[in-house]
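Right, one structure below, let's go through it.
The values are calculated or read from the model by the stated rules, or taken from the named source; none is laboratory data. Small disclaimer: the values here were computed from a predicted structure and weren't measured. Note: ideal-geometry Cβ built from the backbone for every residue, glycine included; neighbour counts use all protein chains shown.
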Amino acid sequence: MRILCSCAYDGTNFYGFQIQPELRTVQGEIEKVLTQIHKYPVSIVGASRTDAKVHALNQYFHFDTTLNISQENLKKALNSLLPDDIYITECKVVDDDFHCRYQSTMKEYHYIIDFGPYNPLYRNYRYFYPFSLEKFSFEILKEASKVFIGKHDFKSFTKTKTYKNTVRTIYNIDFELQNNLLTIKFIGDGFLHHMVRIIVAMMLSCAQGKYSISDLKQILAGKNRQLAPEIAPPYGLYLYKIYYD
């Protein structure tokens, strides 16, 4: 029987979602608990990878089980054993051939920027931008975002060199500004390693006058990571939602 779970986690003290030897990861903590419940090793498949210190509000994973347990009781069992920075929000039975990674249709990420005074209580959950809104063009930022909307080769905007295919489609980039807090919302068919963080950093630099819109277009066309050297910190990034048909 295949179980699909959704979860939220605070990425502050994790080295990302995907399991890594000798490092604390979200996948590692979940598999440890599932193995404890089943009394035999259980592996999970995640719908998306997140980097160290990146948060998730709605991450999915699936696993196979032989346990005869209700979905609600499984959720309760997992949450009773998992650490406090991971929470399972739902468990449900899916078809045995369902694959949470390959069958997702869109992913949505949010990046949170604070233009206000630094507050150490929020240092792990937003990017405190070192320049005020007065030295920043919100209109240019929105114009810069249009460069990335559509189907493009984002090779200039990923750290990893091992991708066979760096073409992705961004359907929408939206902005929500409330007082000093800016949330940038990305929806696309998928995102490369560090892609959102590099795009955010380059758009911010453009809005500050360091790059022009024309520069961003040339960087995108150049397909060279060295052309886009900046990257925003991980703690402002949230995996907000994964979409399925």
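Among the candidates 109, 125, which residue alone is surrounded by fewer than 18 Cβ atoms within 10 Å (Cβ to Cβ) and either in contact (Cβ under 8 Å) with a residue 24 or more places away in the chain or on the phi > 0 side of the Ramachandran plot (or both)?
After ruling out the rest, the residue left standing is 125.
Step by step: first the residues of segment 140-164, then only those that are without any contact (Cβ under 8 Å) to a residue 60 or more places away in the chain and of a type in the set (Gly, Ala, Ser), then the one that is farthest from residue 227 (Cα to Cα). Which residue is that?
150
Which residues, taken from segment 123-147, are more than 12 Å from residue 207 (Cβ to Cβ) and aliphatic (A, V, I, L, M)?
Residue satisfying the conditions is 147 alone.
Picking from 122, 118, which residue would you name as being under 22 Å from residue 26 (Cα atoms) and of a type in the set (Ser, Thr, Tyr)?
122
Could you tell me how many of the residues in segment 185-210 are in contact (Cβ under 8 Å) with a residue 12 or more places away in the chain and outside any helix (DSSP H, G or I)?
Going through segment 185-210 one residue at a time, the tally reaches 12.
Considering segment 211-234 alone, what residues qualify as being free of Cβ contacts under 8 Å to residues at least 60 places away in the same chain and polar (S, T, N, Q)?
212, 214, 218, 226
Give 216, 182 a once-over and let me know the one that is surrounded by 14 or more Cβ atoms within 10 Å (Cβ to Cβ), in contact with a helix residue (DSSP H, G or I) (Cβ under 7 Å, 6 or more places away or on another chain), modelled with pLDDT of 95 or more and farther than 19 Å from residue 17 by Cβ.
Every option except 216 fails the conditions.
From 242, 170, 187, 231, which residue is under 19 Å from the mean Cα position of the chain (by Cα), surrounded by 13 or more Cβ atoms within 10 Å (Cβ to Cβ), modelled with pLDDT of 95 or more and closer than 20 Å to residue 128 by Cα?
Selected residue: 231, the only one of 242, 170, 187, 231 that is under 19 Å from the mean Cα position of the chain (by Cα), surrounded by 13 or more Cβ atoms within 10 Å (Cβ to Cβ), modelled with pLDDT of 95 or more and closer than 20 Å to residue 128 by Cα.
Are there any pairs with C-beta distances below 6 angstrom linking a residue in segment 1-21 that is of a type in the set (Ser, Thr, Tyr) to a residue that is outside any loop (DSSP other than H, G, I, E, B), with the two at least 6 apart or on different chains, and if so which?
These pairs meet every condition: 6/58; 6/60; 6/89; 6/90; 9/26; 9/56; 9/86.
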